[in-house]
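The block underneath contains the structure these notes are about, expressed in structure tokens.
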Amino acid sequence: MKRVAILAATTCLAAAVLTHAGQPGSNTNTVDGRQVFRFDTFGDEQLWTDTLQLHQAIESVSPATALEVGLKVDSEMLPPSVVEALKAGQVDLDDPAVTIQLLELNAVVGVIGRVTGGGHLKSVGITCALCHSTVDDSLTGGIGKRLDGWPNRDLNVGAIVALSPA
């Protein structure tokens, strides 16, 4: 667990440096830094996939369970038809296949999943946003517009790691 904390801190520090580097008045590095903060795993898939085999566990986790352990869904990454279906209660949040679809859309805040053509999760990585972003719950609890820089106070890392078959 200590290795996980060190890796996460190093990753977030690198993203913070990239976010604030650059010329005064320039927006380029802020945009680049935001992309790094949101989507760069810095290669930590080795830990989450190879060591903890978390990708295997995630394939059987429903969105409802993911939301219960504090993961968040960025509604702005969802197609309008999915947003409307969520509002109408027409999305089965108990179906693990929906979790894979959310990962394919990069909608799970702070979690990057590489999905094969057959709908299987090949690898999983974690970004700074897992701990340092939340959502405004505008669609439902845990699903809404992303709030970067806000702490994810609902995140239960122990419960997430406990899902690991390793």
### Summary
So, with points 7 Å from each Cα along the Cβ direction, the Phe39-Asp148 label distance in nm works out to 1.1 nm
### Task
Return a whole-number percent for the relative contact order of segment 62-109, with Cα pairs under 8 Å and 6 or more residues apart as the contact set.
60 percent
### Summary
Summing +1 per Lys or Arg and -1 per Asp or Glu among the other residues with Cβ less than 12 Å from Gly144's Cβ gives 0
## Note on the structure
Here FRET efficiency (C-beta to C-beta, Ser81 to Thr51, R₀ 35 Å, nearest 0.05) is 0.40
### Residues of type aspartates and glutamates that Lys145 reaches as a straight line, Cα spacing below 12 Å, ignoring anything fewer than 8 places off in the same chain
Asp74, Glu76, Asp136, Asp137
### Query
For a paramagnetic label modelled at 7 Å from the Cα of Leu105 toward its Cβ, which residues of segment 41-68 fall within the zone defined by backbone nitrogen distances under 18 Å?
59, 61-68
### Qualifying trypsin sites (Lys or Arg not before Pro) in segment 52-131, DSSP loop, other Cβ atoms within 10 Å at most 13
none
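Rule-based calculations on the coordinates, nothing more; no lab input. These numbers come from a predicted model, not from an experiment. When we count neighbours, we look across all protein chains shown, and the Cβ atoms used for this are built from the backbone with ideal geometry, even at glycine.
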